[in-house]
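The values are calculated or read from the model by the stated rules, or taken from the named source; none is laboratory data. The shown structure was predicted, so the numbers you read here are calculated from the model rather than taken from an experiment. Note that we place each Cβ from the backbone using ideal geometry, even for glycine, and neighbour counts take in every protein chain shown. The protein model used for the area step is the full one, side chains on, heavy atoms only, and it has no ligands, DNA or RNA in it. Shrake-Rupley method; radii C 1.70, N 1.55, O 1.52, S 1.80 Å.
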There are 2 protein chains.
Amino acid sequence: MSISRPKGTMDLLPPLARPGPLQSQAAFSRILHSAGQVLNRAGAQAIATPILESRQLAEHGVGQSSDIVLKEMFEVRYQGGHGDLILRPEGTASVVRAYLENGLKQLPAPLKLWTSGPMFRAENVQKGRLRQFHQIDYEVLGSDQPLADAEAIDLMWSVVQVLGLGQAHLKVGSVGDPADRERYRAYLRELLSPAQERLSPDSRRRLEVNPLRILDSKAPADQELLSELAPQNLLDFLGEEAREHLDAVTGYLDSWGVPYQLDPSIVRGLDYYQRTAWELHHGGIGAKSALGGGGRYDGLSELLGGKALSGVGWALGVERLLLALQEEQSLQEPELGSALYLGALTEAEQPAVLALARELRALGTTEFAYRPRPAATHQREALRRGARWLGLIGPEERGSGRVSLKDLASGERWETGAAQLAAQLGWAAGRDTSR
Amino acid sequence: MSISRPKGTMDLLPPLARPGPLQSQAAFSRILHSAGQVLNRAGAQAIATPILESRQLAEHGVGQSSDIVLKEMFEVRYQGGHGDLILRPEGTASVVRAYLENGLKQLPAPLKLWTSGPMFRAENVQKGRLRQFHQIDYEVLGSDQPLADAEAIDLMWSVVQVLGLGQAHLKVGSVGDPADRERYRAYLRELLSPAQERLSPDSRRRLEVNPLRILDSKAPADQELLSELAPQNLLDFLGEEAREHLDAVTGYLDSWGVPYQLDPSIVRGLDYYQRTAWELHHGGIGAKSALGGGGRYDGLSELLGGKALSGVGWALGVERLLLALQEEQSLQEPELGSALYLGALTEAEQPAVLALARELRALGTTEFAYRPRPAATHQREALRRGARWLGLIGPEERGSGRVSLKDLASGERWETGAAQLAAQLGWAAGRDTSR
């Protein structure tokens, strides 16, 4: 029995292998390229952070009492190692860590950054969840203005528009300022305490520490009690400043025609989240329908040992986008290649084939047959490889310095001088025809 | 004190941060883009494999007795995990595993694959070695022909040529067939056994198991004995078939004008390596001067539980290439951006600035000031961000639907209608100006 990849991980495969949506290297690249173009054009700077981070970063950046830290963290060990390493479970804490550690405060503020890469959580693979998944992260550091939040939401929306996802929808809310949440927590404790024996054990613990997390509970007992008591929303507890901030954000979205739904139920379990919070959903990808989410996290930098720093950003799940694209049947079939397949008819022409192929590769995708073969065999192989053009050199062509060319799409055939071949295929020097 | 990234890892930073060579996101991307273009144009298919792999894969694919497995492996654990996971230390075993597991044998053979990404080894960081480093891997599966080896070497050489590295040099050799190595091992045992008490303890152990690895030993005692006994090279023990294979490979390289040096001392510690083996070096990057290496590994598939499968490929170290580019002073300064920076002079023009920026971002990189400011302040900020163009809207421009434009490179100024702005900047619809 051969060795398998670990549970909850995927291989990305080339178009020729006819991969499913989660294994399509072409679709994966297209998503990253499109998102990168949207973000670059908005003046965001690409950065990359390591996959290994310290446990301390995850505990401060995701929250010590979160499921991610308590149950889903991958720990990394090595011989003689005291590094207390983990595989990063998300990107925001790493981006803020990199900002602080590399003195990016020196750069013009607000600074827009984006990154993409693998994230790791030891999720339940029985439910089809991935343990290595991929995110695109956009973060704006150094602005407390509602315009930064609105632009971030607009850019996230632009990414799914550019990808052609027609069924995505935004939910925008606010988690208020710390004092607002304190008032809301007091309200929830007062509401739920009399009925606390009906709460799940987990939620009974949460009642003192962080009653907001009870609202997210999946436990049937909790859900029943909540639907019975119908608590007010955090949005009803917003102070004047947080309310004005939210109104400004939605005002921008309205003026730009970015469609969204105001969602009073959005909460965040972590205390450094403040004010604007949003989610991007897609109806076609099941119960847990989020493509991604975002929010303002003005308190995070200080938790990581830095000075006060405003921040707002979002993450999109690449695999979630792939599923949504498949659902909308927008996963493009890779285009017919523009590749040339060269073959020799006898051993004597093989050197000419190799020399020509090496030359043409500076201009366009050129494959060659490793062995001389009859013309029909070369053509079959060229078709199997998805090539567009077949070029053959036999004894006759070699004598005259020519190539027999065939357009495999139209069936048209002609002869051309080897030196004119690139021009005949429309491959101009300096033009990138490979991507 | 703020939290730091783990030892032996790097952040990649944007050009504005003036990063060193190992932290330059732009240089890193340029290397991957250039290598990808060379490999795509040769008909290689891009794939990606997970960062997590099973310990079994690494043990079979790198060798149970190798330092990588014995001393440098990162183990990954999680709550309730029995997955026996590791972080991949190299790419070849993963690519062959993915080929076998995903049935890529169905695709036309030989199949050329390439991949790139992070690799992990718990190296000694005191010596400046990275624990997360990055490789570009090229692998050809399904051909035992010398032409596959020669093409692989040629493509590796093309990558460094395209990058502009003038001081790279190739060393090509052969590790022979298994029977050749058996004869060579017997010879080495016979030569070294009489003096075995002079060998280092490690090498005394190797004498029985794998005396070839003694040749790589850094221990002074071993080096002294070897220079005294001056053993013959493995190349002198090649059988007829391996010799013919090597001659065919070097024959192709000669005919193509790819410069190389025949290196009789190249050995590989692992038994599934066969015949051609090579290294790419660069004089400017210190004692351990390898940019990368490659070889034929016809025995690997069977070790991973697959059927017999010929394979040959190489890996280039991205950070090694970055150091070499810096050494040759070929690390290009990022070009002056083509970005437009838009600003409003008073609050009343801010909506017009935002609307125009959102529209222009479909065509080119457009930043906007989050707040209205005097013209001089906007200009200073545009320059700090490396923008090429400054566009201002004040009360006058708003009245006439125009924008005051300034070319920050030439100092030239003029007014233009907002609708004509993109054309004035040379941004045509549909053209990708962001990369």
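Only one of (1) in a helix (DSSP H, G or I); (2) open to solvent by 40 Å² or more (accessible area, probe 1.4 Å); (3) of a type outside the set (D, E, K, R); (4) outside the structural domain of A:His245 (by TED's automatic domain parsing) is not met by A:Leu323, so which one is it? The failed condition is (4).
When the stretch B:34-60 is examined, which residues are found to be among the polar types (S, T, N, Q) and within 7 Å of chain A (Cβ to nearest Cβ)? Explain how you work it out, then say what you get.
Pass one, the stretch B:34-60, residues among the polar types (S, T, N, Q): B:34, B:37, B:40, B:45, B:49, B:54, B:56.
Result: B:Gln37, B:Asn40, B:Gln45, B:Thr49, B:Ser54, B:Gln56.
Residues considered: B:Ala109, B:Ala58. Of these, the only one that is part of a helix (DSSP H, G or I), on the phi < 0 side of the Ramachandran plot and either open to solvent by 10 Å² or more (accessible area, probe 1.4 Å) or among the aliphatic types (A, V, I, L, M) (or both) is B:Ala58.
Just so you know, in the stretch B:367-383 the residues that are facing chain A (nearest Cβ under 10 Å) and in a helix (DSSP H, G or I) include one that is surrounded by the most Cβ atoms within 10 Å (Cβ to Cβ), and it is B:Ala382.
Scanning the stretch A:107-140 for residues that are out of contact with any strand residue (DSSP E or B) (no Cβ under 8 Å at 6 or more places or on another chain) and at the interface with chain B (Cβ under 8 Å from one of its Cβ atoms) yields A:Leu107, A:Pro108, A:Ala122. Listed by first and then second residue, the pairs linking a residue in the stretch A:19-33 that is within 9 Å of another protein chain (Cβ to nearest Cβ) and open to solvent by 40 Å² or more (accessible area, probe 1.4 Å) to a residue that is of a type outside the set (Lys, Arg) and not in a loop (DSSP other than H, G, I, E, B), with Cβ atoms under 7 Å apart and 6 or more places separating them unless they lie on different chains, are A:Ala26/A:Pro15.
Answer yes if at least one residue in the stretch A:47-54 is open to solvent by 30 Å² or more (accessible area, probe 1.4 Å) and farther than 29 Å from B:Ala339 by Cα, and no otherwise. No - not one qualifying residue is present in the stretch A:47-54. For the stretch B:241-262, the condition of being modelled with pLDDT under 95 and of a type outside the set (A, V, I, L, M, F, W, C) holds for none of the residues.
Return the total of residues in the stretch A:27-55 being of a type outside the set (Asp, Glu), in contact with a Leu (Cβ under 9 Å, 6 or more places away or on another chain) and not in a loop (DSSP other than H, G, I, E, B).
Filtering the stretch A:27-55 down to residues of a type outside the set (Asp, Glu) leaves A:27-52, A:54-55.
This time we only want the ones that are in contact with a Leu (Cβ under 9 Å, 6 or more places away or on another chain), so: A:27-31, A:34-35, A:38-39, A:41-42, A:44-49, A:51-52, A:54-55.
Now restrict to residues that are not in a loop (DSSP other than H, G, I, E, B): A:27-31, A:34-35, A:38-39, A:41, A:45-46, A:48, A:52, A:54-55.
Summing the residues that are of a type outside the set (Asp, Glu), in contact with a Leu (Cβ under 9 Å, 6 or more places away or on another chain) and not in a loop (DSSP other than H, G, I, E, B) in the stretch A:27-55 gives 16.
Can you confirm whether A:Asp247 is within 21 Å of A:Arg183 (Cα to Cα) and either in contact with a Cys (Cβ under 6 Å, 6 or more places away or on another chain) or open to solvent by 50 Å² or more (accessible area, probe 1.4 Å) (or both)?
On the way: within 21 Å of A:Arg183 (Cα to Cα): yes; either in contact with a Cys (Cβ under 6 Å, 6 or more places away or on another chain) or open to solvent by 50 Å² or more (accessible area, probe 1.4 Å) (or both): yes.
In short, yes.
Selection over the stretch A:251-299 of residues that are open to solvent by 10 Å² or more (accessible area, probe 1.4 Å), of a type in the set (Val, Ile, Thr) and closer than 25 Å to B:Glu359 by Cα gives a count of 0. For the stretch B:305-320, residues that are over 16 Å from B:Arg97 (Cβ atoms), open to solvent by less than 20 Å² (accessible area, probe 1.4 Å) and away from every other protein chain (no Cβ under 14 Å) total 3. Residues of the stretch A:1-18 that are more than 8 Å from chain B (Cβ to nearest Cβ) and out of contact with any helix residue (DSSP H, G or I) (no Cβ under 7 Å at 6 or more places or on another chain): A:Arg18 alone. Of the set (1) crowded, with 19+ Cβ neighbours inside 10 Å; (2) at pLDDT below 95, all apply to A:Glu302 but (1). Scanning the stretch B:61-83 for residues that are more than 20 Å from A:Met73 (Cβ to Cβ) and either in a strand (DSSP E or B) or facing another protein chain (nearest Cβ under 7 Å) (or both) returns a single hit, B:Lys71.
Under 30 Å from the mean Cα position of the chain (by Cα) and either open to solvent by 80 Å² or more (accessible area, probe 1.4 Å) or within 18 Å of A:Leu270 (Cβ to Cβ) (or both), is that true of A:Leu215? Lay out the reasoning, then the answer.
Working: under 30 Å from the mean Cα position of the chain (by Cα): yes; either open to solvent by 80 Å² or more (accessible area, probe 1.4 Å) or within 18 Å of A:Leu270 (Cβ to Cβ) (or both): yes.
Spelling it out, A:Leu215 is indeed under 30 Å from the mean Cα position of the chain (by Cα) and either open to solvent by 80 Å² or more (accessible area, probe 1.4 Å) or within 18 Å of A:Leu270 (Cβ to Cβ) (or both).
From the list A:Leu291, A:Leu262, A:Leu280, A:Leu325, the lone residue that is touching a Pro at 6+ places or on another chain (Cβ under 8 Å), more than 11 Å from every other protein chain (Cβ to nearest Cβ) and in contact (Cβ under 8 Å) with a residue 24 or more places away in the chain is A:Leu325. Might you check whether a residue that is within 9 Å of chain B (Cβ to nearest Cβ) and under 21 Å from the mean Cα position of the chain (by Cα) occurs anywhere in the stretch A:95-105? Yes, because at least one residue in the stretch A:95-105 is within 9 Å of chain B (Cβ to nearest Cβ) and under 21 Å from the mean Cα position of the chain (by Cα).
Counting just the residues of the stretch B:398-417 that are charged (D, E, K, R) and not in a helix (DSSP H, G or I), which one comes out surrounded by the fewest Cβ atoms within 10 Å (Cβ to Cβ)? This residue is B:Glu412.
Say whether the condition of being of a type in the set (A, V, I, L, M), in contact with a strand residue (DSSP E or B) (Cβ under 9 Å, 6 or more places away or on another chain) and closer than 30 Å to B:Val160 by Cβ is met by at least one residue in the stretch B:329-347.
Here is the first cut: in the stretch B:329-347, the residues of a type in the set (A, V, I, L, M) are B:331, B:336, B:339-340, B:342, B:344-345.
If we keep only those that are in contact with a strand residue (DSSP E or B) (Cβ under 9 Å, 6 or more places away or on another chain) too, we end up with B:331, B:339-340, B:342, B:344-345.
From what is left, the residues that are closer than 30 Å to B:Val160 by Cβ are B:331.
The answer is yes; a qualifying residue exists.
Taking the conditions (1) open to solvent by 20 Å² or more (accessible area, probe 1.4 Å); (2) aliphatic (A, V, I, L, M); (3) part of a helix (DSSP H, G or I); (4) in contact with a Leu (Cβ under 6 Å, 6 or more places away or on another chain) in turn, B:Leu331 satisfies each one other than (3). Within the option set A:Gly364, A:Gly391, A:Gly386, being in a loop (DSSP other than H, G, I, E, B) and open to solvent by less than 10 Å² (accessible area, probe 1.4 Å) holds for one residue only, A:Gly364.
Do the conditions hold for A:Leu87, that is, is it farther than 17 Å from A:Tyr273 by Cβ, among the aliphatic types (A, V, I, L, M) and at the interface with another protein chain (Cβ under 8 Å from one of its Cβ atoms)? I'd like the intermediate steps shown before the answer.
On the way: farther than 17 Å from A:Tyr273 by Cβ: yes; among the aliphatic types (A, V, I, L, M): yes; at the interface with another protein chain (Cβ under 8 Å from one of its Cβ atoms): yes.
It is true that A:Leu87 is farther than 17 Å from A:Tyr273 by Cβ, among the aliphatic types (A, V, I, L, M) and at the interface with another protein chain (Cβ under 8 Å from one of its Cβ atoms).
The set of residues in the stretch A:154-206 being of a type in the set (Gly, Ala, Ser), open to solvent by 10 Å² or more (accessible area, probe 1.4 Å), farther than 30 Å from B:Glu359 by Cβ and outside any helix (DSSP H, G or I) consists of A:Ser200 alone. For the stretch A:121-153, filtered to residues that are polar (S, T, N, Q) and at pLDDT below 95, the residue that is surrounded by the most Cβ atoms within 10 Å (Cβ to Cβ) is A:Asn124. Comparison of A:Val172, A:Val159 shows that the only residue that is under 14 Å from the mean Cα position of the chain (by Cα) and β-branched (Val, Ile, Thr) is A:Val159.
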